[in-house]
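Colleague: Sharing a structure below in structure tokens format, with a few things to ask.
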Amino acid sequence: MKFILFHLMPYRALDFAAARQYRSRWTVLPNSFYDPKKGADDYASYIEQLVSGERYGFDVIAVNEHHQTAYGMMPAPNLIASALIQRTKHVKIGIFGRALPLVNNPLTIAEEFSMLDNLSRGRLVVGFVRGIGAEYHSTGMNPAHSHERFHEAHDLIIKAWRDEGPFAFEGEHFTFNYANLWPRPYQTPHPEIWIPSQGSAETIQWAAAPERKYPFVVTFSTAEAVEKYLNAYRTEATKFGYEASSNQLGWAAPIYVADTDEQALEEARVPLEHLFNDYLPNPWEMLIPPGYSSLASAKALARVRKGLGMERQTIEQLIAKGTAIIGSPKTVKEKIMRMRDRNGAR
Amino acid sequence: MPRHSGHLFVMNETASDKGSVVSNGPLGTQRSKSPVFPSTWRGRVPAVSCFICTALTVQRNGCRFFETLSAKFDVLVPDHPAFGQSDTPNWIRSVPDLAMFYLDFLEKLDLQEVHVVGSSLGGWIAAEIATRNAARLSSLSLISPAGIRIKGVPLGDLFIWAPEERARKLYFDQAVLDRVLSAKPSEEEIDLQTKNGIAAAKYCWQPRLYDPDLEKWLHRINIPTQIIWGANDQIIPPQYGNQWQRQITGSRLTIIDKCGHLPHVEAPDELVGHLESFLEGVTT
């Protein structure tokens, strides 16, 4: 089992009461809420936290990409990754992930990841995602093209990493006469690719396919959902004729440790509830813009939209459902081990 | 009142006894079916009225506008590809594609002297058709059409608003609004709304509700054209009506007071009146 220290880099000094007057903390929240002095302090502190992950023995320290939101201040996660590379020696650097459909030239993603892989001498691990629904509002990208663009951009990046350039790429959304990656990735054939997801069936099947076998990471979900989706991945792998290794199964959850359970609960309450009730929520129209999910998925989601976690959640509820793990070292260790055993990880 | 000679060309969410119209796709290898509604089509040619409606919000069953119009004209309202009961051909990807599809459609049914009536997205499609080939068209009625952009005059963001908020922006009349907000859609209707939403995003998300290459060709529209706008339209502000009127030679602009983006819902009788007098003027 491997451990990843993953940062979202929220803007901490947010005036939550005032921010709640807006429909979301994404896209429409005025950037006058952002104070650069406080934001700069946040960046410095967050980078320190991530760098300390190497000392504490984490296998990977990781960042992600989000746009126009107080939820995460990393519209360009590669910039943070580059800083982390300079300040660490051995730990792997994860970028989970870049939102492929949102860019007009996916080769820039291939290029920048190659650069980071070279700068870190092969310490890079990357993720490919579609971006969340709100980002289709903030970039103007058509959500109805999201899946097509994701797959085409993915294929282009992989080809650019694996094949000798220059080559021509003739896609529906992306067309290039010359795809010729300088630099090539440091790792052969390329950095490991993980797929963070909330568990869409299409994504699970695609990630588990034998030509990819991409590790699948269930994010911010209840213990029950994590088990369900990791099992779904295993089932897909079996159907493809192989057994999924525990290296292919991942789970991302907020974890907070203090000396005692009571202290942990008290210290984590406000920030964790802000995460789930203020930073993360989006109204339906921003969460699932039309076309972002397939018609079948959207229909299914539309019928259960009340159950999509749009209601306030308390820390007790988040703990009870296994969405977050909070407590003393002993409690947290036990819970992680239970999740490990429950999901057959090693 | 005497029945006018005229047909309505309907693409709609209810397949009718008229059945489906099939259009060849690229190279004749792919096809798209568009069910036709309602059943007031009598197959009479010429003087066909083609109503191409906005599909996001239109309720055809029990809609007074369609009922009144159907009593006076033969009416044909197809479901646009990807909307309603139509299938979703991957090769129809844009509003210009829809226009080409409908030119096939008119040809397949061999319709002549069609009066095209289009609202919102439908108006946009109608204008794209007319700039390409108006040989089978007699007139154009554009009701708060999308399709062009005036810099500095932003459109309402239909895609980000919650349903209630969207209804409040769509309708001026409180009674209409109350009716819309109190409706309890069935599961089938919710599924249909979901499908229509995806179709709307496909054609309208980016560039948002316009075609950068449409306005420069509007001068090619050389058939009688009227433009109708709700004075209180919060989706596409009435300034757009003036711009359309300026760009289409000889066109006239009519503003309907106390009316939002969908005059066929809020002012059906007045709208039918405008259509009637306009079409009479065109045909006599």
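Colleague: Would you call A:Phe220 on the phi > 0 side of the Ramachandran plot and more than 14 Å from chain B (Cβ to nearest Cβ)?
Modeller: The answer is yes for A:Phe220.
Colleague: What are the pairs with Cβ atoms under 6 angstrom where one residue, in region A:40-53, is under 18 Å from A:Leu14 (Cβ atoms) and the other, located anywhere, is open to solvent by 60 Å² or more (accessible area, probe 1.4 Å)? Sequence gap at least six, or different chains.
Modeller: A:Asp42/A:Arg12
Colleague: For a quick check of your reading of the model, give me the residue pairs whose first member lies in region A:283-295 and is farther than 17 Å from B:Phe83 by Cα, whose second is open to solvent by 30 Å² or more (accessible area, probe 1.4 Å) and of a type in the set (Gly, Ala, Ser), with beta-carbon atoms closer than 9 Å and at least 6 apart or on different chains.
Modeller: Matching pairs, first to second residue: A:Pro283/B:Ala162; A:Trp284/B:Ala162; A:Glu285/B:Ala162; A:Ile288/A:Ser297.
Colleague: Also: In region B:110-134, which residue that is open to solvent by 50 Å² or more (accessible area, probe 1.4 Å) and in contact (Cβ under 8 Å) with a residue 60 or more places away in the chain is nearest to B:Val272 (Cα to Cα)?
Modeller: B:Glu113
Colleague: Just for region A:269-284: of the residues that are open to solvent by 20 Å² or more (accessible area, probe 1.4 Å) and within 14 Å of chain B (Cβ to nearest Cβ), which one is nearest to the chain's Cα centre (by Cα)?
Modeller: Checked region A:269-284; the qualifying residue nearest to the chain's Cα centre (by Cα) is A:Pro281.
Colleague: Quick check on B:Ala199: is it more than 14 Å from chain A (Cβ to nearest Cβ) and closer than 27 Å to B:Phe73 by Cβ?
Modeller: The answer is no for B:Ala199.
Colleague: If you scan region A:209-230, which residues turn out to be more than 19 Å from A:Val126 (Cα to Cα) and either among the basic types (Lys, Arg) or over 20 Å from the mean Cα position of the chain (by Cα) (or both)?
Modeller: A:Lys228
Colleague: Considering A:Lys299, A:Lys306, which residue is part of a helix (DSSP H, G or I), charged (D, E, K, R), at pLDDT below 95 and open to solvent by 70 Å² or more (accessible area, probe 1.4 Å)?
Modeller: None of the others qualify; the one that does is A:Lys306.
Residues checked against (1) within 16 Å of the chain's Cα centre (by Cα); (2) under 14 Å from A:Pro191 (Cβ atoms); (3) of a type in the set (D, E, K, R):
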{"position": "A:Gly53", "(1), (2), (3)": "no, no, no"}
{"position": "A:Ile61", "(1), (2), (3)": "yes, no, no"}
{"position": "A:Arg87", "(1), (2), (3)": "no, no, yes"}
{"position": "A:Pro106", "(1), (2), (3)": "no, no, no"}
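Colleague: Kindly provide the set of residues from region A:322-346 that are assigned to a helix (DSSP H, G or I) and open to solvent by 50 Å² or more (accessible area, probe 1.4 Å), ordered by number.
Modeller: A:Pro329, A:Lys330, A:Lys333, A:Glu334, A:Lys335, A:Met337, A:Arg338, A:Arg340, A:Asp341, A:Arg342 - these are the residues of region A:322-346 that are assigned to a helix (DSSP H, G or I) and open to solvent by 50 Å² or more (accessible area, probe 1.4 Å).
Colleague: Condition check: within 14 Å of chain B (Cβ to nearest Cβ), at pLDDT 95 or above and over 18 Å from the mean Cα position of the chain (by Cα). Does A:Pro143 satisfy that?
Modeller: Yes.
Colleague: Considering region B:161-195 alone, what residues qualify as being within 23 Å of B:Ile148 (Cβ to Cβ) and facing chain A (nearest Cβ under 10 Å)?
Modeller: B:Trp161, B:Arg166
Colleague: What pairs come up if the first residue lies in region B:135-151 and is surrounded by fewer than 20 Cβ atoms within 10 Å (Cβ to Cβ), the second is assigned to a strand (DSSP E or B) and among the aromatic types (Phe, Trp, Tyr), and their beta carbons are under 7 Å apart, counting only those six or more places apart or on different chains?
Modeller: Sorted first by the residue in region B:135-151, then by its partner, the pairs are B:Arg149/B:Tyr210.
Colleague: Does region A:110-122 include one or more residues that are open to solvent by 30 Å² or more (accessible area, probe 1.4 Å), more than 14 Å from every other protein chain (Cβ to nearest Cβ) and under 21 Å from A:Phe174 (Cα atoms)?
Modeller: yes
Residue-by-condition table, conditions (1) surrounded by 17 or more Cβ atoms within 10 Å (Cβ to Cβ); (2) on the phi > 0 side of the Ramachandran plot; (3) not in a loop (DSSP other than H, G, I, E, B):
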residue: A:Ala168; (1), (2), (3): no, no, yes
residue: A:Glu202; (1), (2), (3): no, no, yes
residue: A:Ala207; (1), (2), (3): yes, no, yes
residue: A:Val226; (1), (2), (3): yes, no, yes
residue: A:Tyr229; (1), (2), (3): yes, no, yes
residue: A:Ala237; (1), (2), (3): yes, no, yes
residue: A:Asp259; (1), (2), (3): no, no, no
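Colleague: Which condition from (1) surrounded by fewer than 20 Cβ atoms within 10 Å (Cβ to Cβ); (2) of a type outside the set (S, T, N, Q); (3) assigned to a loop (DSSP other than H, G, I, E, B); (4) touching a residue at least 12 places away in the same chain (Cβ under 8 Å) is the one that B:Ile160 breaks?
Modeller: It fails just one condition, (4).
Colleague: Examine region A:36-54 for a residue that is buried (at least 16 other Cβ atoms within 10 Å of the Cβ), within 14 Å of chain B (Cβ to nearest Cβ) and out of contact with any His (no Cβ under 9 Å at 6 or more places or on another chain), and state whether such a residue exists.
Modeller: No, region A:36-54 has no match at all.
Colleague: Can I ask one more? Any residue that is assigned to a strand (DSSP E or B) and open to solvent by 60 Å² or more (accessible area, probe 1.4 Å) - is there at least one of those in region B:239-248?
Modeller: Looking through region B:239-248, none of the residues is assigned to a strand (DSSP E or B) and open to solvent by 60 Å² or more (accessible area, probe 1.4 Å).
Colleague: Hey, another quick one. Could you count how many residues in region B:202-231 are away from chain A (no Cβ under 13 Å) and open to solvent by 50 Å² or more (accessible area, probe 1.4 Å)?
Modeller: 8
The values are calculated or read from the model by the stated rules, or taken from the named source; none is laboratory data. None of the values given here were measured: they were computed from a predicted structure. Note that we place each Cβ from the backbone using ideal geometry, even for glycine, and neighbour counts take in every protein chain shown. With ligands, DNA and RNA removed, areas are computed over all heavy atoms of the protein, side chains included. Shrake-Rupley method; radii C 1.70, N 1.55, O 1.52, S 1.80 Å.
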